[in-house]
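Before any comments, here is the structure.
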Amino acid sequence: MDDVLKLAAELMALSARTAPKAAGKDFVVTRVVTRAELRQLAEDMEQYGVESGKKNFDRDGRNVAQSGSVLLIGLSGAQTLGLNCGACGYAKCADLPAAKGGPEFAGPYCAWRLMDLGIALGSAAKTASLLNVDNRIMYRIGVSARRLGLIDADVVVGIPLSATGKSPYFDR
């Protein structure tokens, strides 16, 4: 079943790639994680939860360990849209400082680029749903994916995939 889930993740990555993006500029990156890297990702999530004192990294790490694959979706080197809209907290796009490494993600970021990420995530989750693959969008996966260097991105979110009689991602 892991090979089928890997294929599903690849189809989801296709949906993320072709999702609409502001001004037609694409800064979305994807990567499918399987097998040994899944175990490494799950272990790091649990470890990060202990190190940071943050809740539910252990729970989500156990979910990743139960998964057949994980799709990582992130933003890399995204430029501002140039609208001077202020949604990022700055009056002009030129005032938005370059993204710096934070404890989990790099920021600040143009709000429209973060919307691009959200649309890509929604498109990927829609594809999983069409394929009847259990999934759940998880921010905590992205934290460990960045720590481990599994993907070169400033902001990352993960979608674990499972095909069992009951989804492990709900009633947790």
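In what order do ILE159, ILE119 fall by count of nearby beta-carbon atoms within 10 Å, going from fewest to most? Can you show the working numbers first?
Details: ILE159 26, ILE119 16.
Least crowded to most crowded, the residues run ILE119, ILE159.
Looking at the stretch 62-117, which trypsin sites (Lys or Arg not before Pro) are in a loop (DSSP not H, G, I, E or B) and have at most 15 other Cβ atoms within 10 Å?
Values: sites: ARG62, LYS92, LYS100, ARG113; in loops: LYS92.
Here the sparse-neighbourhood loop sites are LYS92.
Tell me the mean residue ellipticity at 222 nm calculated for the chain from its helices only (DSSP H runs of n ≥ 4, each -39500 (n - 2.57), averaged over every residue, nearest 500).
Estimated from H runs of four or more residues: -14000 deg cm²/dmol.
Over the stretch 16-89, consider all pairs of different Cα atoms and compute the Kirkwood hydrodynamic radius from their mean reciprocal separation; express it in Å, one decimal.
14.8 Å
Using the eigenvalues of the Cα gyration tensor, what equivalent ellipsoid semi-axes result for the stretch 89-172 when each is taken as the square root of five times the eigenvalue, whole Å, largest first?
In descending order, the three semi-axes are 30, 15, 9 Å.
Please work out the Cα center distance from the stretch 1-63 to the stretch 75-152, rounded to the nearest Å.
The distance from the Cα centre of the stretch 1-63 to that of the stretch 75-152 comes to 13 Å.
Do you know the relative contact order of the chain, to the nearest whole percent, from alpha carbon pairs under 8 angstrom that are 6+ apart? Don't skip to the end; give the middle numbers.
Details: 331 pairs, mean separation 52.1, N = 172.
Here the relative contact order equals 30 percent.
Please give the length that would be gained between ALA23 and LYS100 if that part of the chain were fully extended, namely 0.36 nm times their separation in residues minus their C-alpha to C-alpha distance (nm, one decimal).
Gain on stretching ALA23 to LYS100: 25.3 nm.
Sort 41-52, 136-147 for me by packing, meaning the mean count of neighbouring Cβ atoms within 10 Å per residue, highest on top.
Details: 41-52: 18.1, 136-147: 21.5.
Ranked from most to least packed, the peptides come out as 136-147, 41-52.
For a label point 7 angstrom out from the Cα of LEU148 toward its Cβ, which stretches of the stretch 1-42 have the backbone nitrogen within less than 14 Å?
31-42
How much length is gained on full extension from ASN132 to GLN47, taking 0.36 nm per residue of separation minus their Cα-Cα distance?
27.5 nm
Round to the nearest 10 and give me the degree value, 0 to 90, for the angle of helix 35-52's Cα axis relative to the longest principal axis of the chain.
Orientation of helix 35-52: about 60 degrees from the principal axis.
Of the cross-linked pairs LYS6/LYS100; LYS21/LYS126; LYS6/LYS126, which ones have a Cα-Cα span greater than 22 Å in the structure shown?
In this structure, LYS6/LYS100 exceed 22 Å between Cα atoms.
How large is Rg over Rh for the stretch 1-136, taking Rg from the Cα atoms and Rh as the Kirkwood inverse mean of 1/r across Cα pairs?
That ratio is 1.02, to two decimals.
Report, in degrees rounded to the nearest 10, the 0 to 90 angle that the Cα long axis of helix 111-130 makes with the longest principal axis of the chain.
The helix 111-130 is inclined about 30 degrees to the chain.
Read-outs: derived from the displayed coordinates by stated rules, not from any lab. For clarity, every value in this text was computed on a predicted model and none was experimentally measured. Because the Cβ atoms are built from the backbone with ideal geometry, glycine has one as well, and the counts that use them run over all protein chains shown.
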